[in-house]
Each structure stands twice: as structure tokens, then as C-alpha cells.
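J.: Structure below; questions to follow.
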Amino acid sequence: MSENMSSLQLLTWITGSILLQLAIYLGIGFWRHWAEYLALRHKIVDLEVAVSPLKVASATEALPAAWAGLRAFRVTRKTMEDTAQTICSFELVPQDGQALKPFLPGQFLTFSLDIPTESGATQPVVRCYSISNAPDPSHYRVSIKLAPAPANTQLPAGRSSNFFHDHVVEGSLLQVRAPAGHFYLDRDDAPVVLIGGGVGITPMLSMLHWCLSQQPGREVWLFYGVRHSQELVMQTQLETLAAAHPNFHLHFCLSDTDPEALAGQKYHLRGRVDVALLRALLPLKPYHYYICGPTPMLQSLVPALEDWGVQDSRIHYEAFGPASIQRKKTASLSHSGASNEAYVASDIMVTFAKSGTQVAWHVDAGSLLDFAEANGIHVDSGCRAGGCGSCQTTITSGEVTYRQTPDFDPEPGNCLLCVCTPKSSLTLEA
Ligand SMILES: Cc1cc2nc3c(=O)[nH]c(=O)nc-3n(C[C@H](O)[C@H](O)[C@H](O)COP(=O)(O)OP(=O)(O)OC[C@H]3O[C@@H](n4cnc5c(N)ncnc54)[C@H](O)[C@@H]3O)c2cc1C
Ligand code: FES
């Protein structure tokens, strides 16, 4: 009986000490995690200070245009970049032999093309292409995706992209405007997330290469979304960079692929780039987000990032065509002290002289370019961001105001419809 009692006591003692050890272990674990959590919160506050608006503003001052008007460039290399054979890179060297001034990674070039027509004449076409290499005094590189004719229609295929793929060869001369655009990587050291969808990868490539060479310690993530791996450009180069730089985290996101294609592919994820994915992979840090991709991607991702709590000033994006993104706040898009008075409801009338149309301006019209198009008036456009000059239009009477300082300097008596609104009743040569 006493032997039984002592066994029971021993068992109770062993169980008690195990429970006590467990409690101590859990207590220490909890305490450590709590301390780490508090330290991380503290670190975030520090980082918030490090990327204060003042610092970002000074780090993102635009450079003056590297040259005025058009400059001749010779194509020195033409390279097909993807196995689907849809994206082709062109390396461009200035014909005058002068070194190229640095541009801001993310900026684009504007090409003034004379494209042959079926009648044997040529048609002037202006198009913008993001620079896809890091600033380099010897050359620029652009990477251009073929725009096919829409399926089951008689509509023509994309003019500029098909011209580049089919007619521009090594040795061709092209007329180019200086790098421009407000979508470029800040020079801060805050961690950065680059998101490229399809051919929207091009400015990200420039940002990435610049970042890895000029800011070697900066934490940088690249999420590159395509439908399947045949559409990836420079896959091996990107994988080599990721293997060489521990601070560079690479993820290819394939939205339309069978699971076998993912097997053994270290950098591949299945699905689209969305906030659920970012939440799952990114540590808790105040990242800057740079996004370029198709309109639906921007329209879903930008508001979702805002809903997640990412500060407006940390979300930067560019679309390669018209895109209307619903922002909660729009202040960060303005780079100038331009007046907003034209957004106030008014009795302003806009007359499009050539088309003989007169329409009342309204507050939700967007830019004068949007307004013209919404009223069936065709105006040439390229960047839709004040960078290329394609939408330059003569003002016969009245005044305009700019939403942001344009990179392209319009000739006296002209305005850039894509970035301005009427200040008074207006007559335009359009
Ligand atoms: C800032 C900026 C940077 C850019 N960077 C890049 C880049 O790095 N790489 C890149 O590839 N692109 C980039 N783009 C897009 C590029 O400028 C062109 O818009 C793109 O190459 C298509 O031009 P395109 O002349 O080939 O096609 P377009 O002739 O403009 O036609 C576009 C599409 O519309 C179709 N179409 C033609 N006529 C009609 C019609 N009547 N109705 C409906 N559809 C029609 C065409 O078949 C084609 O699919 C950028 C754009 C901007 C604004
Ligand atoms: S469309 Fe490029 S400046 Fe207006």
C-alpha cells in the first residue's frame, strides 16, 4: 500500500514538474514574441520617420529633360525575350555618339514613327515605351509587346508594336524624345515591392536593375504576374539575380497553368498577384509599392492595398493605356501646386472648333482629353500623362489649368489635353 502511495506520489510529482516546465516554456515563449512584436512596432515607427513625406519629396525631384525635341538613335540589338515570341527588346544607341544622361528608373521614351501604309505613304504615329534597362550612358533598351488585332474582327493589328517587330531591325534609325514620366523609383532605402503584370514588367526591370546596383542592401521584392511561363521575359536573368542577391525576393505568379508546370520551380507561385498573396509572403514592414500592369490588375490591386492600410503615398502605379483607378485619396498624384479650381462646378463651355462641337464642362469629366473623347472627338494621344506631346492642341481662346506639371513643354498657345482642365470657357483647335 505504502509502495502504491509512493508510486502515485512520484507520478504526481513527475506530472506536476512537466506541467510546470511547460508553463515556464510557454511563458518565456510568449514573453519573447511579445518583446519582438514591440520591437517591430518600434522599428516600423522608426521607418515611418525615415520615409517621411519631406524626404520622399526631395528624393523624387524630376530631372530636367535630357534633350529637347527629337534625337536620332540607331538600333544596335534586337532580341526576342519570351518563348511565346511576343515581346522583343531593342537596344538604342544615340547617333550623335554623345553619352546619355541618367534617367529615373521607371521613365519612358517617346518614339515619333513614320509607319508605311498600304497606299505606300507613311503615317505619323507617336508611342511611348518604358525603358527596361537601368540608367546606362551607352544605350537605352525598350521591350515591346506585339498588339495583335482583336479576335474575330476586321480591325487592324497594333500599328507601332507590329512596325517594331516586323520592320525595325538592327541598324534602323529611330526618332526619340528624352526620357520622361512621373512613375519612377524613389531613392530612399525603404523596402520596396515591385509588381509587374504582363508587359508591365518593363519599368520594373529598370527599377530592379538600378536598385540592385545602386542600393545593394535595399530589400526588394518582385512579383511578376503572367498567364503562363512562356510569357515570362528574362526569366533566367531574373533567377540569376535572385540567387546572387539575398535581399532580392523573386516570385513569378502564373495565373493559368497546370500544377505540373510549377513542380520544382523555386520562384513560381500559382494565381494572380493580389493582397492575400502579399499578406501571406511579406513581413510586417512599411513597403513602397510600385505597380504596372493591365487596367484590371491596377483597378483591383490599388484599392485593395489601400483597404489593407497601405498609405496612399506608398502606392505608385502606371498603366500603359487609359486607366481609371478609384483612389480613396488622390493627393499623391499631384506633383505641382496647380490649382484645383477647374474641378469646381461651373458654367464653363468648351468649343471644339474643327469638329464644330460645343459642350458644357462638368466636374467629373477628368482631363480635357477624356472630355473630348467622351464627346466623340478624336485627339491623338500617347502617354496620357503629359510626357509625350501627342495630345498637344492649340487654344484659340480661353485658359487651361494643369493637374500636374507636364514633362513635355507645349508650344506657346498650345496645351496638353491629357493633363489639363479648363480654367475659363475655351475654344480648342480639335
Ligand atoms: C507610359 C507608357 C509606357 C509604355 N511602355 C510600354 C512598354 O514598355 N512595352 C510595351 O509593349 N508597351 C508599352 N506601352 C504601350 C505602347 O505605348 C502602345 O500603346 C502599344 O505598343 C500599342 O500600340 P500599337 O500602336 O501597337 O497599337 P494601336 O495601333 O494603338 O492599337 C492598340 C490595339 O487596338 C486594336 N485596334 C486597332 N484599331 C482599333 C479600333 N478601331 N477599335 C478597337 N481596337 C482597335 C489593335 O489591334 C491593337 O490590339 C506604354 C504606354 C505608355 C503610355
Ligand atoms: S498624351 Fe502624351 S502628353 Fe498628352
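J.: Look through region 387-413, keep the residues that are small (Gly, Ala, Ser) and within 16 Å of ligand 1 (Cβ to nearest atom), and return whichever of them is nearest to Leu70 (Cα to Cα). Walk me through how you get there before you give the answer.
T.: The initial filter retains those residues of region 387-413 that are small (Gly, Ala, Ser), namely 387, 389-390, 397-398, 413.
Restricting the remaining residues to those that are within 16 Å of ligand 1 (Cβ to nearest atom) gives 387, 389-390.
Numbers: Gly387: 13, Gly389: 12, Ser390: 13 Å.
Filtering region 387-413 for residues that are small (Gly, Ala, Ser) and within 16 Å of ligand 1 (Cβ to nearest atom), the one nearest to Leu70 (Cα to Cα) comes out as Gly389.
J.: For region 195-288, which helices (runs of 4 or more DSSP H) that fit wholly inside it have 1 or more residues that are more than 15 Å from Leu185 (Cβ to Cβ)?
T.: The helices (runs of 4 or more DSSP H) meeting that bar are 235-244, 259-262, 275-281.
Residue by residue, here is whether (1) at pLDDT 80 or above; (2) surrounded by fewer than 12 Cβ atoms within 10 Å (Cβ to Cβ); (3) not assigned by TED's automatic domain parsing to the domain that holds Gln214 holds:
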{"position": "Glu48", "(1), (2), (3)": "no, no, yes"}
{"position": "Ala62", "(1), (2), (3)": "no, no, yes"}
{"position": "Lys78", "(1), (2), (3)": "yes, no, yes"}
{"position": "Ala84", "(1), (2), (3)": "yes, no, yes"}
{"position": "Ile87", "(1), (2), (3)": "yes, no, yes"}
{"position": "Gly97", "(1), (2), (3)": "yes, yes, yes"}
{"position": "Phe103", "(1), (2), (3)": "yes, no, yes"}
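J.: Does region 414-430 hold any residues that are under 19 Å from Gly69 (Cβ atoms) and either within 14 Å of ligand 1 (Cβ to nearest atom) or buried (at least 23 other Cβ atoms within 10 Å of the Cβ) (or both), and which are they? Let's see the steps before the verdict.
T.: Within region 414-430, the first condition is being under 19 Å from Gly69 (Cβ atoms), and the residues that meet it are 414-416.
Within region 414-430, Cys415, Leu416 qualify.
J.: Would you please name the residue that is nearest to ligand 2 (Cβ to nearest atom), looking only at residues in region 109-135 that are within 14 Å of Ala66 (Cα to Cα) and modelled with pLDDT under 95?
T.: Once the filter is applied, the top-ranked residue is Thr110.
J.: Looking at Ala157, Ala147, Ala134 in this structure, which one is within 6 Å of ligand 1 (Cβ to nearest atom), more than 25 Å from Gly271 (Cα to Cα) and assigned to a loop (DSSP other than H, G, I, E, B)?
T.: Values: Ala147 fails: more than 25 Å from Gly271 (Cα to Cα); Ala134 fails: within 6 Å of ligand 1 (Cβ to nearest atom).
None of the other options fit; the residue is Ala157.
J.: Let me ask something additional. Return yes when Ala385 is more than 11 Å from ligand 2 (Cβ to nearest atom), on the phi < 0 side of the Ramachandran plot and small (Gly, Ala, Ser) and no when it is not.
T.: Values: more than 11 Å from ligand 2 (Cβ to nearest atom): no; on the phi < 0 side of the Ramachandran plot: yes; small (Gly, Ala, Ser): yes.
Against the criterion (more than 11 Å from ligand 2 (Cβ to nearest atom), on the phi < 0 side of the Ramachandran plot and small (Gly, Ala, Ser)), Ala385 does not qualify.
J.: Right, here's the next one. For region 140-158, how many residues meet the condition of being farther than 30 Å from Lys101 by Cα and either among the basic types (Lys, Arg) or out of contact with any Leu (no Cβ under 9 Å at 6 or more places or on another chain) (or both)? Working first, answer last.
T.: Taking region 140-158 and keeping what is farther than 30 Å from Lys101 by Cα, we get 147-158.
With either among the basic types (Lys, Arg) or out of contact with any Leu (no Cβ under 9 Å at 6 or more places or on another chain) (or both) added as a condition, the list becomes 147-148, 150-156.
Here the count works out to 9.
J.: Would you be able to tell me the number of residues in region 113-130 that are of a type in the set (S, T, N, Q), under 24 Å from Val199 (Cα atoms) and open to solvent by 50 Å² or more (accessible area, probe 1.4 Å)? Quick ask: steps written out before the conclusion?
T.: Taking region 113-130 and keeping what is of a type in the set (S, T, N, Q), we get 117, 119, 122-123, 130.
Pick out the ones that are also under 24 Å from Val199 (Cα atoms) and you get 130.
Now drop any that are not open to solvent by 50 Å² or more (accessible area, probe 1.4 Å), which leaves none.
Of the residues in region 113-130, 0 are of a type in the set (S, T, N, Q), under 24 Å from Val199 (Cα atoms) and open to solvent by 50 Å² or more (accessible area, probe 1.4 Å).
J.: Okay, next question. Inspect region 178-185 for any residue being of a type in the set (Ser, Thr, Tyr), under 16 Å from Arg127 (Cβ atoms), open to solvent by 10 Å² or more (accessible area, probe 1.4 Å) and more than 16 Å from ligand 2 (Cβ to nearest atom) and give the result as yes or no. It would help to see each step written out before you state the result.
T.: Just the residues of region 178-185 that are of a type in the set (Ser, Thr, Tyr), to begin with: 184.
Now restrict to residues that are under 16 Å from Arg127 (Cβ atoms): none.
No, that holds for no residue.
J.: Could you please tell me which pairs satisfy a Cβ distance under 7 Å, a separation of 6+ or placement on different chains, a first residue in region 105-125 that is without any contact (Cβ under 8 Å) to a residue 24 or more places away in the chain, and a second residue that is within 16 Å of ligand 2 (Cβ to nearest atom) and open to solvent by 80 Å² or more (accessible area, probe 1.4 Å)?
T.: Pairs that qualify, where the first residue is without any contact (Cβ under 8 Å) to a residue 24 or more places away in the chain and the partner is within 16 Å of ligand 2 (Cβ to nearest atom) and open to solvent by 80 Å² or more (accessible area, probe 1.4 Å), are Asp114/Pro124.
J.: Among the listed residues Val168, Val192, Val142, identify the single one that is open to solvent by less than 20 Å² (accessible area, probe 1.4 Å), more than 10 Å from ligand 1 (Cβ to nearest atom) and within 27 Å of Gln215 (Cβ to Cβ). Steps first, please.
T.: On the way: Val168 fails: within 27 Å of Gln215 (Cβ to Cβ); Val142 fails: more than 10 Å from ligand 1 (Cβ to nearest atom).
Just a single option satisfies the conditions, and that option is Val192.
The values are calculated or read from the model by the stated rules, or taken from the named source; none is laboratory data. What you are looking at is a predicted structure, and each value in this text was computed from that prediction instead of being measured. When we count neighbours, we look across all protein chains shown, and the Cβ atoms used for this are built from the backbone with ideal geometry, even at glycine. The accessibility values were calculated without ligands, DNA or RNA, using every heavy atom of the protein model including side chains. Shrake-Rupley method; radii C 1.70, N 1.55, O 1.52, S 1.80 Å.
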